[in-house]
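Read the structure below first, then the notes.
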Amino acid sequence: MLASWKQLIFQILLLLISCRHINTTSPDPTPPPLVPIDSLPRDVRRAAFKGEGQIEKVELLNPVNLELVCTWTGHQNKESNITGFWRKDGLEIENSHLTVQLQNEQYQLQQVFNIVSEENLGNYSCVFESEVKIDFVVAVPQIGEIRDKPVVTYVGDSGVITCKMEDSKPMPNTWKWYKANGTDKEEIFAAAEPQRYEIKNNERKTKLLVNNLTMADSGLYYCGAVYTLSTSMGHVELKVITYYEPLKPFMAIVAEVFILVTAILLFERSRSKKNDTEGDMMSDQTNTLSPGENNGLEGSSSMRQRKT
Amino acid sequence: MPPAAATNLGYTPPDGGWGWAIVVGAFISIGFSYAFPKSLTIYFKDIQEYFAVSYSEIAWVSSVMLASMYAAGPVSSILVNRYGSRPVVMVGGVLVSTGMVLASFGTAIIHLYLCIGVIGGFGLAFNLQPALTIIGTYFQVKRPLANGLAMTGSPVVLFTLAPLNQFLLDSFGWRGSFLILGGIVLNCCVAGSLMRPVNKKALKKPEKTEPPECNGGAAEEAATVDTITQSDNLTEENQKESKSQGCVNRFIDISLFKHRGFLIYLIGNVVMFFGFFAPVVFLAPCAKHKGIDEYSAAFLLSIFALADMFIRPTTGFIGNTKWIRPRIQYFFSFAVSYNGVCHLLFPLASEYTGLVVYAVFFGFAFGMLSALLFEVLMDLVGAHRFSSAVGLVTIIECGPVLLGPPLSGALVDIFGDYKYMYYACGVFMLVPGIFFFIMHYFNYRRLDKERGQIVAVDVRTCEEAVELKTNPDDKAAHDTDE
């Protein structure tokens, strides 16, 4: 009996010990680890405070240790010590408060951030004395040249949507296409439906061909430039209409032309009938056409008449 | 207005009345002919993406259309000589419309070349020639003004079509837009229906030719020197032998190649057209190259179009005045040289203000030249040979018009700078301008001499005839002279 008790206690002890080593990771909403991981390359970006609303763009492709350096020349009465801290997406980063000393007539605040995944991208701000701040927008290259007007195509026809990453920006690893489905985006897999979709990727350009269009294909299409860190999106609208849409104005214009031509020709026919019935009055008619000049014409005598 | 010269057309043109309706019709036809190929460039980007072709392949559509339009000139002339202006313009309108509608269903780029390029080009040629010809039949005294007004159609239609095309593209895509454009261009048929053939019988000059002739001496100072009657009278005598050429001559007047004035015009124009269109084509790219943003560069083209629009009727009006009309060839030579000088001075413009000034002056130059381009040809060869003349001129000009922009583009690519291209264009326009001045000086002298001979012969025959006539006839002729 004593042996089984000993076994139970021993097992309980064992259980307690092993329990201590089980870590439950609680989801941490914002801050990246402030301790740098040495295997990543280091990217340093500096900014000096120029004025309010200053925004610096930081374009990243791959995971890096991003060091952001802010400098500020300070107010008129420069104190030797001020406080500074960092924010991400408007929320204060824990343990980022530092005391900054005045060196070479300016204050300098620097911090190294671990940018490894999509959550680490965002708006980083360095703040001096809770009033002077510089924003760093850390993101993957954004698609600039994107068509803002919808691509209009017809039922049964095929539609082509293109996206391009400018030459001045780094090339994406690959491209992906999504179709908007309510508020969601659904990825388009060309391999799954080769008759309908075709994706042609060409480093900086990507083309989505949609064959055999139907009205349901209308909507927003998203092209994603895939970088290691994240995917930058651009969107283009595709509008599918039937052939009746342009046909209506076309028929209206053809009808207008027909009416005008008939009217003009009828008017002419009626005038020529009037001329015929008024037979002898023809000479009077020529006079009414151009009264003054005709008399002048008949009278002037510059050149003699020649038979042609 | 200078007093009208009697023409050897066999009738007196109305110079008004229904003539103004003809001007409206010609305005529409000429407007579509020149502006339509230029306005299609808005669709090129979308079509390029749809068919997955390069930009030069799509630009061929415009080139083929322009080439067909110029190459079909003689065909158009033959048809006009045979059937008159009205049926040809209506057929032309239907052709362009058909071409555009077929193109809207096209599935390959070659369909566009054939439908828009060939069929459309032919249709536009069938619009341009008859419109110009019929003005010559309706106007004599006010012809430069009528020509200037009709040629204003080109910038006005371009100005209207450009935003309209953009709107159509955004609403209907390129296919629907081509369909609707096919409808819009059908309005050329309306223009054609306005082109009622002039009623020659109703306007025939009465047969009292003897007394007016005898006042040849007094009327000489008052009369306009009309090179039409002179050149026609003289070359007709040369032609009596070549009447036997028969078959071809019935359709198109090949003997024009022996016509002095026509040859001067042809040689000058062939050289001039190398440098005519390229500056317009490259105005916006050159501005962007100098660092101007896209919207301001496009605005330069609008300024150019507005200046062009304003100057064309003005030039027509000036060309009609009694000081210019007798020596209108010099006015044309001035317009050509002015173009050349404009382009030579262009490289001096560096910032936006300079470019705006250049756009205004170039707009004036371009419009002046365009307004006079066909008026001087009519002045040289006469209204009834004009149809054949313009057909021959357009097919020969086909080469320089097509080669001009690509050659200029090559110049830009070689030197990497636009100024050498502008220097070249300036030279290509200044040299013909000076050529025209010199040649027309000699031509006018020859014509004056020949006219002097005719008048001398007339006076002699008149003196014999005058004993048979009574005085009141002479007096009436005198009174109506001024």
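Bear in mind these aren't lab numbers, they're just calculated from the coordinates by the rules spelled out. These figures come from a predicted structure and were not determined experimentally. Methodologically, a virtual Cβ is constructed for each residue, glycine included, from the backbone with ideal geometry; neighbour enumeration extends over all protein chains shown.
The table below gives the values:
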read-out: Segment B:Leu345-B:Thr160, length gained on full extension (0.36 nm per residue, minus Cα span); value: 63.5 nm
read-out: Interchain or long-range residues, amide H under 5 Å from A:Thr83's placed H; value: A:Val100, A:Glu129
read-out: Taking A:Ser272, B:Ser56 and counting other C-beta atoms within 10 Å, the order from fewest to most; value: B:Ser56, A:Ser272
read-out: Label-point separation, A:Asn201 to B:Val357 (7 Å along Cα→Cβ), nm; value: 5.4 nm
read-out: Scaled radius of gyration (Cα, divided by 2.2 N^0.38 Å) that the stretch A:103-162 gives; value: 2.07
read-out: Per-residue Cβ neighbour rank within 10 angstrom, fewest leading, B:Met90, A:Met233, B:Met429, A:Met251; value: A:Met251, A:Met233, B:Met90, B:Met429
read-out: Theoretical gain in end-to-end length, B:Ser54 to B:Phe257 [0.36 nm per residue, Cα-Cα removed]; value: 68.9 nm
read-out: Inter-label distance, nm, simple model (7 Å from Cα along the C-beta direction), A:Gln76/A:Leu98; value: 2.9 nm
read-out: Cα-based shape type of the stretch B:74-162, given that a ≥ b ≥ c are square roots of the gyration tensor eigenvalues and the cut on a/c is 1.5; value: oblate
read-out: Amide H partners (placed H, <5 Å) of A:Trp177, local residues excluded; value: A:Ile188, A:Gly224
read-out: Cα gyration tensor shape of the stretch A:99-231, rounded if a/c is under 1.5, else prolate or oblate by comparing a/b with b/c; value: prolate
read-out: Nonlocal amide H pairs with A:Ile93, under 5 Å, H built at 1.01 Å; value: A:Trp86, A:Arg87, A:Lys88
read-out: Cα-centre dipole for the stretch B:1-104 with unit charges at Cβ (Lys and Arg positive, Asp and Glu negative), debye to 20; value: 220 debye
read-out: Descending semi-axes in whole angstrom, ellipsoid equivalent of chain B, from the Cα gyration tensor; value: 42, 26, 19
read-out: Kyte-Doolittle at least 1.0, axis length at least 20 Å by Cα - qualifying DSSP helices, chain B; value: B:18-39, B:85-104, B:153-185, B:328-345, B:352-381, B:383-415
read-out: ³J(HN,Hα), Karplus 6.51/-1.76/1.60, whole Hz, each residue of the stretch A:80-94, x for Gly, Pro; value: 6, 10, 9, 9, x, 8, 10, 10, 10, 6, x, 9, 5, 7, 5
read-out: Residue order, fewest to most surrounding Cβ atoms within 10 angstrom, among B:Leu403, A:Leu266; value: A:Leu266, B:Leu403
